[in-house]
Amino acid sequence: MTRAAIYARFSSALQREASIEDQARLCRERADREGWTVVKEFSDMALSGASLHRPQLQSLLALAKARGVDVIVCEGLDRLSRDQADVAALYKQLTFHNVRIVTISEGEVNELHVGLKGTMNQMFLKDLAAKTHRGLRGRVEAGKSGGGNAYGYSVVRRLGADGMPVTGEREVLADEAAIVRRIFDEFSEGYSPKAIACRLNDEAIPGPRGGIWCDTT
């Protein structure tokens, strides 16, 4: 009996959870055609393929180390990792434990796939990072927020002319803005971050999350 484990992953919180089930279904169909017995399914949701620090992937590797699986089935090699070095390390580790990798896209993975596909996935990550940085810079230059909300601001929630939510707009909160200016003034006067935090706490001024201030805040 050939024991198979299925691994599925999507990287963005904007993607549907159904994406996981779609991947798993294709993998189950492949296992059925091969006559393999699926012993377990693993999936990581909204986690980047640039890192191996994914809970379910680590559980899969632990199963392989324990000799509990013979073949890993996934939609594509990039579901396991997009990092070239990580792909090579995964392949080496799984081969050591006599575990094969079979994907819907590439078939049974070998050294050639690891080299070529790993390079392509690495290029994809670099291109994605450049496009993300470009997009964030464009938002900032347009006077919008490039990320999460910061102390001293509130999120503006409104609809645009097309009826869609407008994102990235902020407005200044006067009370908090006064605290921000005070912090900068006191720092320029020679107070340390720790001393500034102590002064704010002594006056019972709530911190950004409603708690106390500390020197790293």
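The values are calculated or read from the model by the stated rules, or taken from the named source; none is laboratory data. Keep in mind the model is a prediction, meaning the values are calculated, not measured. So basically every Cβ, Gly included, is an ideal-geometry build from the backbone, and we count neighbours across all protein chains shown. These accessible areas exclude ligands, DNA and RNA; they are computed on the full protein's heavy atoms, side chains included. Shrake-Rupley method; radii C 1.70, N 1.55, O 1.52, S 1.80 Å.
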* Using a 1.4 Å probe and ignoring any ligands, DNA or RNA, find the accessible area of residue 151 and quote it in Å² to the nearest 10. => 50 Å²
* Structure fact -> With R₀ set to 30 angstrom, the calculated FRET efficiency between the beta-carbons of residue 110 and residue 167, to the nearest 0.05, is 0.10
* Sequence of 164, 1, 45 from largest to smallest accessible area, 1.4 Å probe -> 1, 164, 45
* **Between the stretch 64-119 and the stretch 146-217, the Cα center-to-center distance that results, in Å** => 46 Å
* Could you rank 175, 44 by how accessible they are, 1.4 Å probe, largest area first? => 175, 44
* To do: May I ask you to rank 198, 27 by accessible area, largest first, using a 1.4 Å probe over the protein chains only?
  => 198, 27
* Using θ = phi - 60° and the Karplus relation 6.51 cos²θ - 1.76 cosθ + 1.60, list the HN-Hα couplings for the stretch 105-112 in order, rounded to whole Hz, with x at every Gly or Pro. => 7, 9, x, 6, 7, 10, 4, 5
* Amide H neighbours of residue 38 under 5 Å, at least 5 residues apart or on other chains, H built in the peptide plane: list them. => 4
* Asked: Taking residue 144 as the anchor, which aspartates and glutamates have their alpha carbon closer than 20 Å to its alpha carbon, excluding any fewer than eight residues away along the same chain?
  -> 162, 169, 171, 176
* Asked: Relative to the Cα centre, what is the charge dipole magnitude of the stretch 29-107, using +1 at the beta carbon of each Lys and Arg, -1 at the beta carbon of each Asp and Glu, and rounding to the nearest 20 debye?
  -> 280 debye
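How much length would be gained if the chain were fully extended between residue 202 and residue 217, taking 0.36 nm per residue of separation minus their Cα-Cα distance, in nm to one decimal?
Using 0.36 nm per residue and subtracting the Cα-Cα distance, I get 3.8 nm.
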* Label the stretch 21-101 by shape, choosing from rounded, prolate and oblate, from the square roots a ≥ b ≥ c of the eigenvalues of the Cα gyration tensor; if a/c is under 1.5 it is rounded, and otherwise prolate applies when a/b is larger than b/c, oblate when it is not. => oblate
* To do: Just grab the label-to-label distance for residue 185 and residue 89, each label 7 Å out from Cα along the Cβ direction, in nm (one decimal).
  => 5.0 nm
